[in-house]
Every structure is written in structure tokens, then in C-alpha cells.
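The values are calculated or read from the model by the stated rules, or taken from the named source; none is laboratory data. Since this is a predicted model, take the numbers as computed values, not measurements. Cβ placement follows ideal geometry from the backbone for every residue including glycine, while neighbour counts extend to all protein chains displayed. Just so you know, the surface numbers come from the protein's heavy atoms only, side chains and all, with ligands and any DNA or RNA stripped out. Shrake-Rupley method; radii C 1.70, N 1.55, O 1.52, S 1.80 Å.
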Amino acid sequence: MNLIAAVDKNWGIGYQNRLLVRIPADMKSFQEMTRGGVVVMGRRTLESLPNGLPLEGRENLVLTANPDYRVRHAQLAHSLRDALDILAQYRSEDIYVIGGESIYRAFLPYCQTAHITKIDQAYEADAFFPNLDELPGWKITADSEEQTYFDLEYHFLRYEKEIHWL
């Protein structure tokens, strides 16, 4: 499974249920990478999407503790175990965990790859992605050239979790 996020230099991902910044090239990369796949998100992330609707061209799986929550064109799971059972029908490499903070943390142990847009700026944030630079086993395996969007500098990074065979 994959994690995908844009983070600031402190690994912030959002403030008041909104992205910290919208970078067109990052949005395009997200769309291209996830199209045709499965996106996994929490209810608040779904509600932060345009019109609060599931993403088109993808299977959407939404985690919510509320058993009465309903959303069209998305599957619902009410626990991590339920979500993992649903995801078992898909190829792991086609699954993208897209947030928020608690969903990233819950799925981190099940993911092998993280696609991170690392923005070289600090924002006021109240939601954070796990700091992969400080977690054992996670290594940067790809780093783009420095990108710019107006005065923002950022990199597209790929982190992979080392697998240790016995």
C-alpha cells in the first residue's frame, strides 16, 4: 500500500481541515498517481474534498466511526480491520492512503511506499504526517529536482520501508 501527502518542513499536512497550500503540480501528480486506483481516507478528509464528494476515477474507501454515515459512490468501513478486509480484494500497489492524520497513522504499518511532496516552508498546522525521517526502516529512494511554485520550493520524494527477510 502507498501513502501520499504534501507536507511542510515540520511534516504538517493541514490546518482547520484544509490543506496548508495548493500547488498545481502536486495536485496533478496526485491525480495521475491515484487515478484508476483505490483511495483510502477518513470522513473529515472526504468532507474537505470539492463539494464533499468522493474522487472520480477511483474507488473510494471512507473510514468513519459513525455507523449511520452514508455517502454515495464510496465504500464505508467502520474500523481499521473492516477497511483492511475490504482492501484485500485490491492489489496493494493500487491502494493510496490520502489522509487525514489518524488514517495515516493507522495505515502506516501496512504501507511500503510513501509519495511525499516536501515543501520547504513551515505553516501553522494542526494535523501532521508521521515524520518518516525519524522512523526506523523508512528511506528516501527517489528525490526530484527542486521544484518551485512562485516563492515556494519543494521536492517530490519517494520513501520506501525496508523489508527484512529472515
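In region 2-49, the residue that is nearest to W138 (Cα to Cα) out of those that are open to solvent by less than 20 Å² (accessible area, probe 1.4 Å) and part of a helix (DSSP H, G or I) is T34.
Matching residues to (1) open to solvent by less than 40 Å² (accessible area, probe 1.4 Å); (2) in contact with an Asp or Glu (Cβ under 7 Å, 6 or more places away or on another chain); (3) assigned to a helix (DSSP H, G or I):
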position: H73; (1), (2), (3): no, no, no
position: R81; (1), (2), (3): no, no, yes
position: I86; (1), (2), (3): yes, no, yes
position: E93; (1), (2), (3): no, no, yes
position: I103; (1), (2), (3): yes, no, yes
position: P109; (1), (2), (3): no, no, yes
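Residues in region 4-30 that are free of Cβ contacts under 8 Å to residues at least 12 places away in the same chain and over 20 Å from F150 (Cα atoms): none. Kindly evaluate I98 against the criterion of being assigned to a strand (DSSP E or B), in contact with a Leu (Cβ under 7 Å, 6 or more places away or on another chain), closer than 16 Å to A5 by Cβ and of a type in the set (A, V, I, L, M). Here the answer is no, as I98 does not meet what is asked. With the structure loaded, tell me whether I103 is closer than 16 Å to M1 by Cβ, modelled with pLDDT of 95 or more and touching a Ser or Thr at 6+ places or on another chain (Cβ under 8 Å) or whether it fails that test. Spelling it out, I103 is indeed closer than 16 Å to M1 by Cβ, modelled with pLDDT of 95 or more and touching a Ser or Thr at 6+ places or on another chain (Cβ under 8 Å). Scanning region 121-166 for residues that are open to solvent by 80 Å² or more (accessible area, probe 1.4 Å) and of a type in the set (D, E, K, R) yields E124, D126, D133, E134, K139, D143, E145, E146, D151, R158, E162. Scanning region 121-164 for residues that are of a type in the set (F, W, Y) and touching a His at 6+ places or on another chain (Cβ under 9 Å) returns F156, Y159.
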